[in-house]
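Only one structure is covered here, and it is reproduced in the block below.
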Amino acid sequence: MTLQRDSSGPFWEGVQLTVETFKLEIETALKSFDRHIVCLEKIPEDCESSLNSLMEKAIKAYVTRGPEMRHGIALDRHLTVILSQTSESEVPLCGIYFNLHSPYSKKMTGKAEKARA
């Protein structure tokens, strides 16, 4: 995807954003996942394919964002990818987060769910 800059948008000309643009960030996240994260639903190979897919979605969200927006975000149940516009670089900053939860956390009761809504 190529970003286009016009008078109404915050985009930069000529920057080609692809999953490869963020290869270092993806590799670092995969090493972290493999070493520190225990996830019974997602093996490291699934994590890599999910990261690549989410990165494509985040790039699309970033490229097609509105003129006042600064981020492109994509997430699934276990991962979040955020691309953030910065004034120092043509390439957006990339954040990859693991959505952690504990199987030991208490389930909400019906009353608590209704009160929360």
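The values are calculated or read from the model by the stated rules, or taken from the named source; none is laboratory data. All values reported here derive from a predicted model rather than from experimental measurement. Note: ideal-geometry Cβ built from the backbone for every residue, glycine included; neighbour counts use all protein chains shown.
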Just to be sure I understand the filter: pairs with C-beta atoms under 6 Å, separated by 6 or more residues or on different chains, first member in segment 79-98 and in a loop (DSSP other than H, G, I, E, B), second member β-branched (Val, Ile, Thr) and crowded, with 16+ Cβ neighbours inside 10 Å. Which pairs pass?
Glu90/Val15
Can you confirm whether Leu93 is aliphatic (A, V, I, L, M) and modelled with pLDDT of 90 or more?
yes
Filter segment 26-42 down to the residues that are surrounded by 12 or more Cβ atoms within 10 Å (Cβ to Cβ) and hydrophobic (A, V, I, L, M, F, W, C) and list them by number.
Ile26, Ala29, Leu30, Phe33, Ile37, Cys39
Across segment 66-90, what is the total count of residues that are touching a strand residue (DSSP E or B) at 6+ places or on another chain (Cβ under 8 Å), at pLDDT below 90 and over 16 Å from Ser50 (Cα atoms)?
1
